[in-house]
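Let me begin by presenting the structure, written as structure tokens, before commenting on it.
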Ligand code: GRF
């Protein structure tokens, strides 16, 4: 039986699309059961809906308290009988209300070689630091931002003439390969798949 994975997005959702594409492979051990977003205009939500995937928009603007938004999202995720959650460009700082119920089952992809460059503007920071390599990391979500156990990483070179945008594009290509494989491996090794 394929494991049921929910995906959280805030924007384009190119990583979500890569996960959906990989889930259609004959040897995939998961299906994308639902896609949820905190933004109604997230491009990825319209795309997921067109694919026939269950979608949910819960606008964070409707909630004064961060915890109240997280509780609402958690209620939805619980209703979907999920085995795991993949955060994919979900641009929210999550509280324990959302993280604790899924700890050990919630993954994130971050566009840096963690533990370097937690948070935002990772590519700009790598360039400014003079790094000669950059990359992306799939990790488990814990209560500390971008801090959980690392599951997989991919590396790319930083070119002398790179801008944050050119570097981001190079890293993103690797993200789309790394995340589906890391999720598949995670579900096998954690005996969730
Ligand atoms: C990716 O670079 C991801 O690592 C970061 O935000 C970006 C989201 O891109 N967290 P997309 O929405 O998956 O296209």
* Do we find a residue being part of a loop (DSSP other than H, G, I, E, B), within 16 Å of the chain's Cα centre (by Cα) and surrounded by fewer than 19 Cβ atoms within 10 Å (Cβ to Cβ) anywhere in the range 55-68? -> no
* Structure fact -> Within the range 94-119, residues being assigned to a helix (DSSP H, G or I) and either crowded, with 21+ Cβ neighbours inside 10 Å or in contact with a helix residue (DSSP H, G or I) (Cβ under 7 Å, 6 or more places away or on another chain) (or both) number 3
* Which listed residue is touching a residue at least 40 places away in the same chain (Cβ under 8 Å) and more than 30 Å from residue 101 (Cα to Cα), from 160, 169, 126, 134 -> 126
* To do: Taking residue 126 as the residue in question, decide whether it is part of a helix (DSSP H, G or I), in contact with a strand residue (DSSP E or B) (Cβ under 7 Å, 6 or more places away or on another chain), at pLDDT 95 or above and buried (at least 18 other Cβ atoms within 10 Å of the Cβ).
  => yes
* To do: Name every residue in the range 164-179 that is within 12 Å of the ligand (Cβ to nearest atom) and within 17 Å of residue 27 (Cα to Cα), in order of residue number.
  => 178, 179
* Asked: Just checking, how many residues over the range 33-46 are within 13 Å of the ligand (Cβ to nearest atom), surrounded by 21 or more Cβ atoms within 10 Å (Cβ to Cβ) and either outside any loop (DSSP other than H, G, I, E, B) or free of Cβ contacts under 8 Å to residues at least 12 places away in the same chain (or both)?
  -> 4
* Asked: If we keep just the residues of the range 1-29 that are more than 8 Å from the ligand (Cβ to nearest atom) and within 16 Å of residue 106 (Cα to Cα), which is surrounded by the fewest Cβ atoms within 10 Å (Cβ to Cβ)?
  -> 4
* Asked: Restricting the search to the range 75-90, which residues are surrounded by fewer than 19 Cβ atoms within 10 Å (Cβ to Cβ) and either assigned to a helix (DSSP H, G or I) or at pLDDT below 95 (or both)?
  -> 75, 76, 78, 79
* To do: Starting from the range 78-93, keep only residues that are free of Cβ contacts under 8 Å to residues at least 60 places away in the same chain, then list their pairs with residues that are outside any loop (DSSP other than H, G, I, E, B) whose Cβ atoms are within a distance under 9 Å, requiring at least 6 positions of separation or different chains.
  => 78/101; 93/66
* Filtered residue count, the range 86-137, keeping only those that are within 25 Å of residue 57 (Cβ to Cβ) and within 9 Å of the ligand (Cβ to nearest atom) -> 9
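The values are calculated or read from the model by the stated rules, or taken from the named source; none is laboratory data. Keep in mind that this is a model prediction, so the values were computed, not measured. So basically every Cβ, Gly included, is an ideal-geometry build from the backbone, and we count neighbours across all protein chains shown.
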